[in-house]
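The values are calculated or read from the model by the stated rules, or taken from the named source; none is laboratory data. Since the model is a prediction, treat every value here as computed from it, not as a measurement. When we count neighbours, we look across all protein chains shown, and the Cβ atoms used for this are built from the backbone with ideal geometry, even at glycine.
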Amino acid sequence: MTDHHTIDTLLDESRTFAPSAEFVAQAGYADPAIYDEELVAYWSNWANTLRWMTPWTTALEWNCPDSKWFLGGTLNACDNCVDRHVEAGAGSEVAFIWEGEPGDQRTITYAELKDDVSRIANALKSLGVGKGDRVCLYMPMVPELPMAMLACARIGAIHSVVFGGFSADSLAERINDAGAKVVVTADGGWRRGQIVQLKHITDEALAMGCPTITNVLVYRRAGDLASHHWTEGRDIWWDDLVPAQSTECPCEPMDPEDRLYILYTSGSTGKPKGIVHSTGGYMTGVAATFKMVFDHKPGDLFWCTADCGWVTGHSYVVYGPLANRAKVFLYEGAPDAPDKDRFWRMIERHRITILYTAPTAIRAFMKWGDHYPENCDLSSLRLLGTVGEPINPEAWIWYHKKIGGGRCPIVDTWWQTETGAIMISPLPALTETKPGSATRPLPGVQVGVLDEEGEILAQIGSPSSVGGKGDKPHQMGEQVGGFLALLHPWPSMLRGIWGDHQRYVDTYWGKFHGKYFAGDGCKVDEDGYIWLLGRVDDIMLVAGHNISTMEVESALVDHSAVAEAAVIGKTHDLKGQSICAFVIIKEDFKHEHPQVTPDVMIKALKDHVAAKIGPIARPDDIFITADVPKTRSGKIMRRLLRDVAEGRALGDTTTLADPNVVAALRDKYEESEA
């Protein structure tokens with residue numbers, strides 16, 4: 001196809017992996033009829049698995065683009081994650097197993113969690129925090145971070161977690177946009193053997209002017225290794241306030257539409273968007289998707305490697321797992337501290353059964369070498385997951401073989417901060433997977449693939465009394481590419497952008513009226529499987545063809561030498577854009593083939609892409625680099641790479657072989673966009 005109304009789909013992946021008979025036999029969800037349930041009825045059934053203080057009466061009120069779910073009831077997120085389990089006799093069961101980067105460990109039961117959360121909640125109340133107030137959490141990945149989130153939920157305060165790697169500028173901007181009353185932070189936290197000076201950064205942020213802040217509550221993690229100053233009357237040590245509080249703190253009854261949290265995500269204008277999530281709908285969505293997607297069982301030890309500063313940490317470290325009485329593993333530090341086998345050693349040591357991590361991490365592991373996981377016992381794993389971006393087929397295969405031992409199903413999940421919960425994913429006992437495909441919408445979700453005018457090229461998902469039947473696929477046996485949209489409201493959807501409703505309307509509902517546009521391109525293959533192609537902004541227009549950066553990256557990673565690739569469109573006088581790639585070569589390949597020069601490698605990679613997906617996708621330029629600059633959340637910094645490729649950010653591109661150069665470029669761009 002040569003018009004600009006759809007996206008060319010070039011890469012073909014035919015390998016399939018069916019779940020084993022043993023896995024299917026033990027799975028909780030193995031009946032395909034679940035996909036046929038009417039979606040409002042489906043979500044209503046899941047809502048009824050939560051504990052409601054007052055039963056809800058109306059499942060959905062929908063006035064596009066605003067939805068309200070489970071009206072008439074009251075509930076509390078903390079009550080559903082903690083109290084009801086303790087009252088059901090599960091107080092002695094483990095809620096969290098935590099390991100700090102230096103190697104210190106803690107185990108916390110549900111009864112201990114209830115007491116600790118109640119003390120923190122009472123401490124916040126003593127500082128004047130009440131229902132509807134905003135609390136900024138700027139902490140390392142210690143158990144007190146999820147505890148503080150739950151404490152806010154317990155008293156009806158709205159938490160805003162800011163990732164502990166963000167700068168003072170970014171922290172101040174988020175504090176002021178939310179109008180936060182209290183900051184909860186730590187003196188510091190461990191990262192790659194160094195202390196991140198969180199209290200010092202907090203002090204810098206508040207010095208810029210944060211007039212709504214009345215107190216800073218400081219958890220002691222780094223001790224004498226931290227540097228900070230102290231503001232009497234404002235700053236309070238955690239140890240001086242929290243331990244003395246009562247463990248009696250009733251859960252505040254919350255309307256299902258009361259706000260649970262604000263989480264900031266980057267915006268195209270440079271101003272972060274405060275994504276707002278509700279209580280009842282969000283809890284329904286994360287409780288259901290955690291249970292189904294990860295086939296959770298009593299006795300599992302679940303590890304989502306995300307920080308609580310991202311939505312993945314909110315939904316699948318805290319609220320989703322704890323709503324299901326899961327046992328959750330937490331880790332504070334970096335995957336290569338003290339060595340590049342840290343993840344695998346922790347899986348071996350704690351006998352972790354479910355691992356949920358990002359493709360960017362998987363590609364880093366590939367780069368480091370197979371010997372790290374091969375020297376560890378990973379036999380406890382029974383299910384693997386990926387999150388954050390589309391995964392290249394070859395990275396999927398590596399994950400399947402080297403980490404899962406060829407026996408673990410992989411759930412490749414698509415969702416966003418805005419969706420609150422997983423939208424597209426295999427169900428591990430029901431789905432024959434294809435490497436690189438998120439497969440199909442979960443039950444209760446309706447997806448459309450649209451052309452530029454908003455016409456539905458393919459519709460896949462659960463039937464709806466509002467939106468009609470579910471699947472209205474394209475002609476089977478053909479591929480179609482276009483814009484990914486969600487066609488029907490779902491409970492965990494965002495309820496707006498904090499303080500800017502019109503921006504919410506314009507950003508998510510302005511392009512295709514009545515349809516939520518996710519900002520991503522996708523294709524549906526001949527079997528009706530969905531393949532995410534990345535952000536529409538990352539689609540390249542090359543000689544009249546809309547080509548996905550994701551597909552070219554996948555073709556490059558398919559080469560045995562390549563650990564990771566980043567592709568951008570470079571301005572070209574004749575073609576509009578030409579394809580430019582940045583590639584990282586595997587350490588094992590460099591050791592085994594020292595005679596391969598960069599020029600030889602570049603030609604081989606160009607030929608490989610042309611053979612894999614066609615001459616139209618052959619890169620004009622390939623740069624071999626020590627690293628690919630990414631944001632704090634692991635997204636490739638494509639604007640920086642365009643500046644590098646077009647000579648605006650770096651003159652001599654051969655210096656990309658120096659990892660310090662790449663890191664300096666990344667830091668400079670992060671500062672300029674903070």
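Points to keep in mind about this one:
- Scanning the stretch 425-436 turns up at least one residue that is outside any loop (DSSP other than H, G, I, E, B), in contact (Cβ under 8 Å) with a residue 24 or more places away in the chain and more than 26 Å from ASP339 (Cβ to Cβ).
- Of the residues making up the stretch 558-601, just one is within 19 Å of MET540 (Cβ to Cβ), among the β-branched types (Val, Ile, Thr) and surrounded by fewer than 21 Cβ atoms within 10 Å (Cβ to Cβ), namely THR571.
- Note on the stretch 183-200: among residues that are in contact (Cβ under 8 Å) with a residue 24 or more places away in the chain and surrounded by fewer than 24 Cβ atoms within 10 Å (Cβ to Cβ), the one that is nearest to LYS340 (Cα to Cα) is ARG192.
- Within the stretch 349-365, tally of residues that are surrounded by fewer than 21 Cβ atoms within 10 Å (Cβ to Cβ) and of a type in the set (D, E, K, R): 2
- Qualifying residue in the stretch 415-426 (condition: surrounded by fewer than 23 Cβ atoms within 10 Å (Cβ to Cβ) and of a type in the set (Asp, Glu)): no
- Long-range neighbours under 9 Å by Cβ, at least six apart or interchain, first residue more than 22 Å from GLY514 (Cα to Cα) within the stretch 42-65, second assigned to a loop (DSSP other than H, G, I, E, B) and among the charged types (D, E, K, R): ASN45/GLU37
- Test: residue in the stretch 261-268 that is assigned to a loop (DSSP other than H, G, I, E, B), at negative phi and crowded, with 19+ Cβ neighbours inside 10 Å: no
- With respect to (1) within 28 Å of the chain's Cα centre (by Cα); (2) under 20 Å from LEU494 (Cβ atoms), the lone exception for TRP98 is condition (2).
- Evaluating LEU384 against the criteria (1) assigned to a strand (DSSP E or B); (2) over 18 Å from TRP303 (Cα atoms) leaves one unmet condition, (2).
- Test: VAL286 is part of a helix (DSSP H, G or I) and either β-branched (Val, Ile, Thr) or closer than 30 Å to ALA25 by Cα (or both): yes
- Leading residue by the ranking (nearest to the chain's Cα centre (by Cα)) among those in the stretch 206-254 that are at negative phi, at pLDDT below 95 and not in a loop (DSSP other than H, G, I, E, B): LEU225
- Residue in the stretch 465-485 that is at pLDDT 95 or above, within 22 Å of the chain's Cα centre (by Cα) and on the phi < 0 side of the Ramachandran plot present: yes
- Whichever residue in the stretch 523-556 is at pLDDT 85 or above and out of contact with any strand residue (DSSP E or B) (no Cβ under 9 Å at 6 or more places or on another chain) and, among such residues, is surrounded by the most Cβ atoms within 10 Å (Cβ to Cβ): ASP527
- The requirement of being assigned to a loop (DSSP other than H, G, I, E, B) and in contact with a strand residue (DSSP E or B) (Cβ under 8 Å, 6 or more places away or on another chain) is fulfilled somewhere in the stretch 101-123, by at least one residue.
- Apart from one condition, ALA172 fits all of (1) more than 21 Å from the chain's Cα centre (by Cα); (2) of a type outside the set (Phe, Trp, Tyr); (3) closer than 15 Å to LEU260 by Cβ; (4) part of a helix (DSSP H, G or I); the exception is (3).
- Some residue of the stretch 152-168 being at pLDDT below 95 and more than 30 Å from LEU301 (Cβ to Cβ): yes
- Residue match in the stretch 624-639 (condition: within 20 Å of ARG363 (Cα to Cα), in contact (Cβ under 8 Å) with a residue 24 or more places away in the chain and assigned to a helix (DSSP H, G or I)): yes
- Among residues of the stretch 133-172, those that are over 23 Å from GLU332 (Cβ atoms) and without any contact (Cβ under 8 Å) to a residue 60 or more places away in the chain, counted: 3
For every residue, the table says whether it meets (1) part of a strand (DSSP E or B); (2) in contact (Cβ under 8 Å) with a residue 40 or more places away in the chain; (3) within 29 Å of ASP370 (Cβ to Cβ).
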{"site": "LEU532", "(1), (2), (3)": "yes, yes, yes"}
{"site": "THR571", "(1), (2), (3)": "yes, yes, no"}
{"site": "GLN577", "(1), (2), (3)": "yes, no, no"}
{"site": "LYS606", "(1), (2), (3)": "no, no, yes"}
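- Qualifying position, being assigned by TED's automatic domain parsing to the domain that holds MET423, in contact with an Asp or Glu (Cβ under 6 Å, 6 or more places away or on another chain), in contact (Cβ under 8 Å) with a residue 60 or more places away in the chain and of a type outside the set (S, T, N, Q), among GLY333, GLY320: GLY333
- Within the stretch 329-374, the residues that satisfy the criterion of being within 20 Å of PHE302 (Cα to Cα) and among the small types (Gly, Ala, Ser) are GLY333, ALA334, ALA358, ALA361.
- Tally, over the stretch 137-153, of residues that are over 16 Å from LYS181 (Cβ atoms) and not aliphatic (A, V, I, L, M): 4
- If you go through the stretch 49-65 and keep only what is part of a loop (DSSP other than H, G, I, E, B) and in contact with a helix residue (DSSP H, G or I) (Cβ under 9 Å, 6 or more places away or on another chain), you end up with THR49, LEU50, ARG51, TRP52, MET53, TRP56, CYS64, PRO65.
- Residue that is under 14 Å from ALA323 (Cα atoms), modelled with pLDDT of 95 or more and either in contact with an Asp or Glu (Cβ under 9 Å, 6 or more places away or on another chain) or in the same structural domain as ALA287 (by TED's automatic domain parsing) (or both), where the choices are ARG119, ARG106, ARG84: ARG84
- Scanning the stretch 493-507 for residues that are over 22 Å from PHE70 (Cβ atoms), assigned to a helix (DSSP H, G or I) and not acidic (Asp, Glu) returns GLN502, ARG503, VAL505, THR507.
- Among residues of the stretch 289-313, those that are in contact (Cβ under 8 Å) with a residue 40 or more places away in the chain, of a type outside the set (Gly, Ala, Ser) and assigned to a loop (DSSP other than H, G, I, E, B), counted: 9
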